[in-house]
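Derivation of every value follows stated rules applied to the coordinates shown; laboratory data play no part. Bear in mind the structure is a predicted one, so any value in this text is a computation, not a measurement. Here the Cβ is made from the backbone with ideal geometry for all residues, glycine too, and neighbour counts use every protein chain on show.
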Amino acid sequence: MSRTKNVLKIVISSSINQVVIVLAGLIMPPLLIANYGSETNGLINSVKQMLNYFTVVSVGLGAASQVALYKPLTEGNWPLINKIMATLSRFLNKAGLVFLACIGVFAFILPVIRRDNLDFMTIAEIVLICGIGSLIEFVFLTRYKILLTADQKQYIVSNVYTQGTVINTVLSVILIILKASILWVQLAATFAYLVRMLLLVRQVHGLYPSLNLYVVPDKSAIGNSKEAFLYKFSDILINYIPMTFVTFICGYTDASIYTVYNLVFSAIVMIVNIFSTGLSPSFGNQIVQKDYEGFKNSFKGYNFAFRTISFFCYICSAVLIVPFVSVYIQNTDGVNYLLPAVGAAFAINGIMRALRTPYITLVDAVGNYKDNIKDSYLEVILNIAISLVFTLKFGLIGVLIGGSISAIIRSLQFLFSIHKTVLKASPGKELLTILINFIVGTVIYYFFYGITVDGYISWIISAIVVAVVTGCVLMVINFLLDRTGFIELYRRMKGLIKK
């Protein structure tokens, strides 16, 4: 299978998975809020996000293992592949015990620190139930995801996750309709984790009969895991600082508001990241084969597509988020979910972070973690300091302001660094293109600002109008600003269609 076809297969399966995740995500919050209240919805999502902190111990070895697997997978060197996978597996097994202990401590501490109107045991039990599901994924699924991603077979992971999400959503909806306890609803999600684990293990061992996780581990087979850990850990901190601040400073009600908006914008992140899914291994493979010219041309087309799609999605979301929430959340608990400033702040924060994604893809492809550690932790420090000050003063929106400020600084650092060290080109043209896109996006936002809808049909009609206008304007602007990237993207897509 050609590299382009393989990436397309990954993109299609990932797209299906993300659509299913988005649909499932849209179904659940209104049901949870209507049946269990805003505080319970805020609690559940706070717990799920904070549990992700406990998985950070795997990020360094996982990222380094993926890079280390590129070459032996290309060469079919199974003795080395097995050493790498055995080392990773043993590490995950040991780390799982630490994860389990953290879950137990968290189940006790969270209801002590923040209870609001919920009782101690409900909070503790939700932490334990959600924790078990996260533990299953951490210990058993991570190793296989890394192997499949390195081998450009991430579509298998996407397919399995799609099936698990469907099972979880169907069971949860049935239990909510039957007025079951929130604890039983969360147990359905844990069951889905178990099903995903069994499906993935079966497919991996069928696909790789030579895979042996019980050979003698060899840590030397995996390079720069420490640097990879430090680099990835900073990114995880950035992702989960907002929800942590909102939960502990503002409370579970604001956490529920944050969750509803974050649900939509997380879906946007998933959509735009579809176009980067599987490309790190592809770029890594080109570098291993010393196809530097092909690598640079591929990146130009990818960067054009990613930039245009990112601005399109975030501009449309900024305009349409409040009208959508007005028909999406029909709560009776007195909580106001219609906050235009929050929607705009989410969009700005999202696009500021999205600008770096093409460059992060290259960092993952070449394993160049060490050179980015210092700047990554500068962003963490800035994010924590600014977000803390603004959250204490302005509440929910303050955490988004802090995130936006630190995000643009870090994204610009990525842009300058990667152009200098990897692309060997001036970043001036890219900076100008981004600035003009941002100005155009601001104009479009204020042009459509204040639209109202009276139902889903009305919202869909408005969304179509906003999408068509935004899409046409952005395509023209980006074509004029970056013809090289457009031509490269067009050439590759044309060649793929002919095949």
Legend entry - Helix-only mean residue ellipticity at 222 nm for the chain, each DSSP H run of n ≥ 4 adding -39500 (n - 2.57), per residue, nearest 500: -28000 deg cm²/dmol
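Find, among the trypsin sites (Lys or Arg not before Pro) in the stretch 83-187, those assigned to loop by DSSP (not H, G, I, E, B) with at most 11 other beta-carbon atoms within 10 angstrom.
Loop-located and lightly packed - Lys179.
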Legend entry - Cα centroid separation, the stretch 163-215 to the stretch 91-142 (Å): 18 Å
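On a full-extension model of 0.36 nm per residue, what is the gain between Arg483 and Ala385, subtracting their alpha-carbon distance, rounded to one decimal in nm?
31.2 nm
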Legend entry - Across Lys153/Lys179; Lys48/Lys94; Lys48/Lys145; Lys48/Lys179; Lys153/Lys374, pairs whose alpha-carbon gap is larger than 30 Å: Lys153/Lys179; Lys153/Lys374
Legend entry - Residues listed by number, the stretch 90-129, amide nitrogen under 15 Å from Ser181 label point at 7 Å toward C-beta: 119-129
Legend entry - Loop-resident sites, the stretch 406-472, for chymotrypsin sites (Phe, Trp or Tyr not before Pro), counting at most 13 other Cβ within 10 Å (DSSP): Tyr449
Legend entry - Order of Lys300, Lys393 under a 10 Å beta carbon neighbour criterion, fewest first: Lys393, Lys300
Inset, instruction - Output the DSSP H helices from the chain with an along-axis C-alpha extent of no less than 27 Å and a mean Kyte-Doolittle hydropathy no less than 0.5. - result: 3-36, 78-113, 154-177, 182-207, 252-273, 292-328, 373-394, 396-418, 428-448, 456-481
Legend entry - Burial ranking of peptide ranges 210-220, 192-202 (average Cβ count within 10 Å, highest at the top): 192-202, 210-220
Legend entry - Label-point gap, in nm, between Asp116 and Lys429 - each point 7 angstrom along Cα→Cβ: 5.0 nm
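If you place +1 on the Cβ of every Lys and Arg, -1 on the Cβ of every Asp and Glu, and leave all else neutral, what size is the dipole of the chain about its Cα centre, to the nearest 20 Debye? Write out the running numbers ahead of the final one.
On the way: 38 positive and 22 negative charges, 339 e Å.
Taking the Cα centre of the chain as origin, the dipole is about 1640 debye.
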Legend entry - Cross-link pairs Lys296/Lys420; Lys71/Lys429; Lys300/Lys429 - those with Cα-Cα distance over 22 Å: Lys71/Lys429
Legend entry - Label of the coordinate-derived value, P(r) over Cα pairs in 20 Å bins from 0, in percent, listed as [x] 22, 59, 20, 0; [y] 25, 61, 14, 0; [z] 23, 52, 24, 1: [x]
